[in-house]
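The values are calculated or read from the model by the stated rules, or taken from the named source; none is laboratory data. Quick caveat: nothing in here was measured; it's all calculated off a predicted structure. FYI the Cβ positions are ideal-geometry reconstructions off the backbone, even for glycines, and counts take in every protein chain you see.
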């Protein structure tokens, strides 16, 4: 083997070894962290973005205790993540667009094959003429006249299922944070956000002295996000549009400059950009540069099944 080939081989081996070290370090960091946020779906509504629809897991001691949104493909990634449906203490919806909610019936059906015996609280927005409330959404799926009425046992108090779904509407309140205690050292809070004409929420989870915020889909026209995000350890912001977007897209989503401004104002420690769409692919460098005008901290672009350990809190 000539010298050039030996050098190429040595370089390739060095890169491979570095990658292994980084993966091992990441896994070790995750194992050391009591609280983690795992991305089940980092995509949007497109069918060719190679990612599952919006969905996240909050893990404590590696148990998936809160699930946020159930977009298409998230039920498969739930399995791949090693999560246990029995460990879920709450399920949260930001809103009921298909790319945030379609796998919910699949999860409920799949739960038949688990031994869950504890009721599952489900929180989401109240409704309007365009979108059902959380209670209506669940009733239209599993009610006696629902689409999947064969699963009515999960909401029918007279049935003998091992657990029930407990639906909670979070009423529209533009400037008020609404907080619910789920368990000791586990609190969820929501605030209404602007997502076009639809009722929508951003969620904050405070767990073991760590705080994580999921912006959901929003233009931030109500200017409510900073109030919810302030001082959070991790912000998952939805990066569905490039800076130059206009029209309907801009009415529904935040451009990078808006994300940067709220991240700076709220003194966020770590920013993860998710809900990535094809119209934002390839613009990561530009997006980072715009956000960096406001936010000096770490920025990551999410992909399915990536985990973000919160190493500076919850110890």
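Below is a table of values for the structure above.
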read-out: Filter result (in contact (Cβ under 8 Å) with a residue 40 or more places away in the chain, surrounded by fewer than 24 Cβ atoms within 10 Å (Cβ to Cβ) and over 22 Å from residue 199 (Cα atoms)) within the stretch 230-251; value: 233, 242, 243
read-out: Spans of strands (runs of 3 or more DSSP E) in the stretch 200-241 with at least 3 residues at pLDDT 95 or above and closer than 20 Å to residue 44 by Cβ; value: 201-207, 234-238
read-out: Residue in the stretch 162-172 that is surrounded by fewer than 20 Cβ atoms within 10 Å (Cβ to Cβ), in contact (Cβ under 8 Å) with a residue 60 or more places away in the chain and either in contact with a strand residue (DSSP E or B) (Cβ under 6 Å, 6 or more places away or on another chain) or farther than 29 Å from residue 35 by Cα (or both) present; value: no
read-out: Residues being over 20 Å from the mean Cα position of the chain (by Cα) and either buried (at least 16 other Cβ atoms within 10 Å of the Cβ) or at pLDDT 95 or above (or both) - total across the stretch 184-199; value: 1
read-out: Residues of the stretch 173-183 that turn out to be surrounded by 14 or more Cβ atoms within 10 Å (Cβ to Cβ), in a strand (DSSP E or B) and in contact (Cβ under 8 Å) with a residue 40 or more places away in the chain, as a count; value: 2
read-out: Residue in the stretch 5-28 that is loosely packed, with under 12 Cβ neighbours inside 10 Å, modelled with pLDDT of 95 or more and either over 16 Å from the mean Cα position of the chain (by Cα) or not in a loop (DSSP other than H, G, I, E, B) (or both) present; value: no
read-out: Count of residues meeting criterion [free of Cβ contacts under 8 Å to residues at least 24 places away in the same chain and either within 13 Å of residue 305 (Cβ to Cβ) or part of a strand (DSSP E or B) (or both)] in the stretch 43-85; value: 3
read-out: Subset tally (residues that are under 28 Å from residue 95 (Cα atoms), surrounded by fewer than 21 Cβ atoms within 10 Å (Cβ to Cβ) and in contact with a strand residue (DSSP E or B) (Cβ under 7 Å, 6 or more places away or on another chain)) for the stretch 272-297; value: 2
read-out: Selection status of residue 110, at pLDDT 95 or above and buried (at least 20 other Cβ atoms within 10 Å of the Cβ); value: no
read-out: Of all residues making up the stretch 77-107, the number that are within 16 Å of residue 51 (Cβ to Cβ) and either out of contact with any strand residue (DSSP E or B) (no Cβ under 9 Å at 6 or more places or on another chain) or at pLDDT below 95 (or both); value: 2
read-out: Cβ-Cβ under 6 Å pairs, at least 6 apart or on other chains, the stretch 86-113 side farther than 23 Å from residue 204 by Cα, far side surrounded by fewer than 19 Cβ atoms within 10 Å (Cβ to Cβ); value: 105/148
read-out: Residue within the stretch 290-307 that is in a strand (DSSP E or B), under 24 Å from residue 71 (Cα atoms) and in contact (Cβ under 8 Å) with a residue 40 or more places away in the chain present; value: yes
read-out: Residue among 101, 81 that alone is crowded, with 21+ Cβ neighbours inside 10 Å and under 16 Å from the mean Cα position of the chain (by Cα); value: 101
read-out: Only one of 66, 122 that is buried (at least 18 other Cβ atoms within 10 Å of the Cβ), under 23 Å from residue 272 (Cβ atoms) and at pLDDT 95 or above; value: 66
read-out: Residue check for residue 269: at pLDDT below 95 and either surrounded by 14 or more Cβ atoms within 10 Å (Cβ to Cβ) or part of a loop (DSSP other than H, G, I, E, B) (or both); value: no
